[in-house]
1. Contact list please: Cβ distance under 6 Å, first residue in the stretch 34-50 and within 16 Å of Leu24 (Cβ to Cβ), second residue not in a helix (DSSP H, G or I), pairs at least six apart or on different chains.
2. What is the residue count in the stretch 69-96 for residues that are loosely packed, with under 10 Cβ neighbours inside 10 Å and either at pLDDT 65 or above or at positive phi (or both)?
3. Looking only at the stretch 30-44, count every residue that is of a type in the set (Val, Ile, Thr) and surrounded by 12 or more Cβ atoms within 10 Å (Cβ to Cβ) and tell me the total.
Amino acid sequence: MAEKQEQFGLVKESDEKWNQYKMLQIAALCSFIFIFIPLLGILYIIGILVASIMITIGIMGFIKRCNEILNTFIHLSWWIFYMDLCKFMGYNLYIG
């Protein structure tokens, strides 16, 4: 959707967020290696928990920005469509 609306900053940021999420999932899978080393395993899992919270907050902020930017564009494009339709139908709209 962002590509269609030429919001390339959102496209780049979404790719970054997706890569962060994939890396977090890979790190979580690797936690099974640290089960056998108790102290290191606990620190590793705490690190993954902190990273998970940070990534989740980042994704939530990104979704909020997407909602604001893309919905603004959608509402504006519907307004432009409505104005063009009114002109096509012969209505004279004066917006002062």
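1. none
2. Counting residues in the stretch 69-96 that are loosely packed, with under 10 Cβ neighbours inside 10 Å and either at pLDDT 65 or above or at positive phi (or both) gives 1.
3. Residues in the stretch 30-44 being of a type in the set (Val, Ile, Thr) and surrounded by 12 or more Cβ atoms within 10 Å (Cβ to Cβ): 0 in total.
The values are calculated or read from the model by the stated rules, or taken from the named source; none is laboratory data. Note that the structure is a prediction, hence the values are computed from the model and not measured. Cβ: placed from backbone, ideal geometry, glycine included. Neighbour counts: every protein chain shown.
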